[in-house]
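Asker: Below are the structure tokens for one structure; questions will follow.
Laboratory data are not the source of any read-out in this text; all were calculated from the coordinates shown. None of these values were measured; they are calculated from a predicted model. Cβ sites come from the backbone with ideal geometry, for glycine too, and all protein chains shown count toward neighbours.
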Amino acid sequence: MKILAIETSCDETAICMLEAEGDERSARFRVLGNALISQIDIHQQYGGVFPALAKREHAKNLVPLLRAALEEAELLREDIRALPEGLPGTLGELLSREYELAEQLLSFLSESEIPDIDAIAVTHGPGLEPALWVGVNFAKALALAWDKPLIGVNHMEGHLLSSLVTEDGTDLLIDEIELPLLGLLISGGHTELVSMEPWLRYRLIGQTRDDAVGEAFDKVARMLGLPYPGGPEVSRLAERDREDERSNPFKLPRPMISDPHCDFSFSGLKTAVMYLIKQHGELSGIEREQMARAFEDAAADVLWKKTARAIDETDAKTLTLGGGVSANTHIRRHFKTQIEKEYPHVTLHLPKPAFTTDNAVMIGIAGYYRALRKDFMEPDVMIANGNLSLV
Ligand code: KG4
Ligand code: ZN
């Protein structure tokens, strides 16, 4: 099955062509074409993602990315094609708020043959709603114009399932995964522990009661005068401190770490950093590294302890990390060490670095699992939902 996948939930516009085969217990994927434009440079000057700008950039990027992904997959056939009658009207309505995109899309559709694909998958939540709508409207328009089934993908399911991937040459495999599976989903908007058993049936085991861990990384980065997105910058400073093996003068709390539940709280940790900086006055270069490390240590400790509790509660056989924060070197190392030490019978899957940031391959992978269940949606009922939940 060939799936065209589209992702526009935040600040990456991405389209991929994925070929997939197999079933839930053993699926194989091949990326035929993959095109992505990151908006990080554009949002950096605002210190965070600026939704109106994200929406505009997605609208600008989608058609060129579609062309690039199809071209790479050798599925682009230039041809002058008469569009189905009434189509421009339908697209005009769908894309009424995106004149430029509608225009670009109509001209693309009239210059190319319908590609040999089986379905179109698109992120319909969670994320920034104005950004999500651009991708959703675009996917609906394509589904109508090409008469292809449409699949709405939950972005977090994309993170979770793509984290299970192992590589076999250039193919991607999801194979021999023992359930129950526990997923720790950590990103700029999410911090949650979900259990999966059977496939695609989720139970929420714990979640943040205030800030997401990625948000805390970003806010601490700002306090340390680091650019957006802050996670990788904080990590870079903290790693430098670890290399020097200095003792750390900064002590930070581990909120809720011993409480008898699997929920998190990161807002107190962030505030503790703020007070320490206030108390201390301006930080030297070394002190900034020490503060970054103290924060990262505290965040990793809490994430691990709550995950360990959730493994006990759910009897998980597989643990996986997903979302932007799962790129963090220290968190990855800490989880690896602790799993080997405390839960050697649990298999840990860490996402490939390319799958920690938002991309369309993860949407194609989750889209395939949904397609296997014939989880298709009529274009006229699909909406973008910024708060779409997995459970
Ligand atoms: O999944 P993602 O790309 O977007 C959302 O869906 O939110 O996650 C972005 C978040 C940001 O908060 C970013 O600072 C954080 O992931 N992040 C990291 C690292 N790389 C990205 N946090 C800690 N360490 C990293 N290396
Ligand atoms: Zn994400």
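Asker: Sorting check: for 30-36, 296-302, which peptide has the highest mean count of neighbouring beta carbons within 10 Å, and how do the rest follow?
Answerer: Final packing ranking: 296-302, 30-36.
Asker: To continue, here is another question. Taking only DSSP H segments of four or more residues, each worth -39500 (n - 2.57), what value at 222 nm results for the chain once the sum is divided by all its residues, to the nearest 500 deg cm²/dmol?
Answerer: Value at 222 nm, helices only, nearest 500: -14000 deg cm²/dmol.
Asker: If we restrict to alpha carbons, what Rg and Dmax does the chain come to, in Å?
Answerer: Final numbers for Rg and Dmax: 21.8, 72 Å.
Asker: Fewest Cβ neighbours within 10 Å first, please rank Phe295, Phe29 accordingly.
Answerer: Fewest-to-most Cβ neighbours within 10 Å comes out as Phe29, Phe295.
Asker: Still on this structure, please answer the following. With only Lys, Arg, Asp and Glu charged, each at its Cβ (+1 for the first two, -1 for the last two), find how big the charge dipole of the chain is about the Cα centre; round to the nearest 20 debye.
Answerer: 1160 debye
Asker: Extension gain Arg242-Trp146, at 0.36 nm per residue separation less the Cα-Cα distance, in nm?
Answerer: Taking 0.36 nm per residue and subtracting the Cα distance, the gain is 29.1 nm.
Asker: Across region 243-391, how many lysine pairs, 8 or more positions apart or on different chains, have C-alpha atoms separated by under 25 Å? Please give the number.
Answerer: Pairs that pass both the separation and distance tests number 21.
Asker: Same structure, new question: Of all the Cα-Cα pairs you can form in region 110-265, what percent are over 25 Å apart?
Answerer: Percentage above 25 Å: 53.
Asker: Still on this structure: If I take every Cα pair under 8 Å that is 6 or more residues apart in region 168-287, average their sequence separation and divide by the length, what percent do I get for the relative contact order?
Answerer: The normalised contact order for region 168-287 reaches 21 percent.
Asker: If a paramagnetic tag sat 7 Å from the Cα of Arg254 along the Cα-Cβ line, which residues of region 282-322 would have the backbone N under 12 Å from that point?
Answerer: Output list for this probe position: 297-309.
Asker: What net charge is computed for the residues neighbouring Tyr99, neighbours being all others with C-beta under 14 Å from the C-beta of Tyr99, Lys and Arg scored +1, Asp and Glu -1?
Answerer: Summing Lys and Arg as +1 and Asp and Glu as -1 gives 0.
Asker: If you don't mind, another one. Using +1 at the C-beta of Lys and Arg and -1 at the C-beta of Asp and Glu, which of Ala221, Ala238, His190 has the Cα lying farthest in the positive direction of the dipole of region 142-255?
Answerer: Selected residue: Ala221.
Asker: What order do you get for His280, His345, His159, His330 when you list them from fewest to most C-beta neighbours inside 10 Å?
Answerer: His345, His280, His330, His159
Asker: What FRET efficiency, computed as 1/(1 + (r/R0)^6) with R0 = 30 Å and r the Cβ-Cβ distance, is obtained for Leu83 and Glu21, rounded to the nearest 0.05?
Answerer: Computed FRET efficiency for Leu83 and Glu21 comes out at 0.40.
Asker: Note down the net charge around Leu75, summing +1 for each Lys or Arg and -1 for each Asp or Glu among other residues with Cβ under 11 Å from its Cβ.
Answerer: With Lys, Arg at +1 and Asp, Glu at -1, the neighbours total -3.
Asker: Suppose the chain between Ile383 and Gln44 were pulled fully straight at 0.36 nm per residue; how much longer would it get relative to their current alpha carbon spacing?
Answerer: 119.1 nm
Asker: Could you work out the relative contact order of the chain, using alpha carbon pairs under 8 angstrom and six or more residues apart, expressed as a whole percent?
Answerer: After rounding, I find 23 percent.
Asker: Would you mind putting 246-256, 11-21 in packing order, based on average other-beta-carbon counts within 10 Å, highest first?
Answerer: Highest-to-lowest ranking by the protection proxy: 11-21, 246-256.
Asker: Under 16 Å Cα-Cα from Lys140, which lysines qualify once same-chain neighbours fewer than 8 residues away are excluded?
Answerer: Lys148
Asker: For region 92-240, what is the charge dipole size about the Cα centre, in debye to the nearest 20, if Lys and Arg each add +1 at the Cβ and Asp and Glu each add -1 at the Cβ?
Answerer: Here region 92-240 has a charge dipole of around 760 debye.
Asker: Would you please classify the overall shape of region 1-88 from the alpha carbon gyration tensor, given that a ≥ b ≥ c denote the square roots of the eigenvalues, rounded means a/c under 1.5, and beyond that prolate means a/b larger than b/c while oblate covers the rest?
Answerer: oblate
Asker: I need the shape label for region 62-170. Rule: rounded when a/c is under 1.5, else prolate if a/b > b/c, else oblate, with a, b, c from the alpha carbon gyration tensor.
Answerer: Judged from the Cα gyration tensor, region 62-170 comes out oblate (a/c at least 1.5, b/c at or above a/b).
Asker: So, one more: Given R₀ = 35 Å, what would the calculated FRET efficiency be for Arg209 paired with Ser96, taking r from the Cβ atoms and rounding to 0.05?
Answerer: FRET efficiency, Arg209 to Ser96: 0.30.
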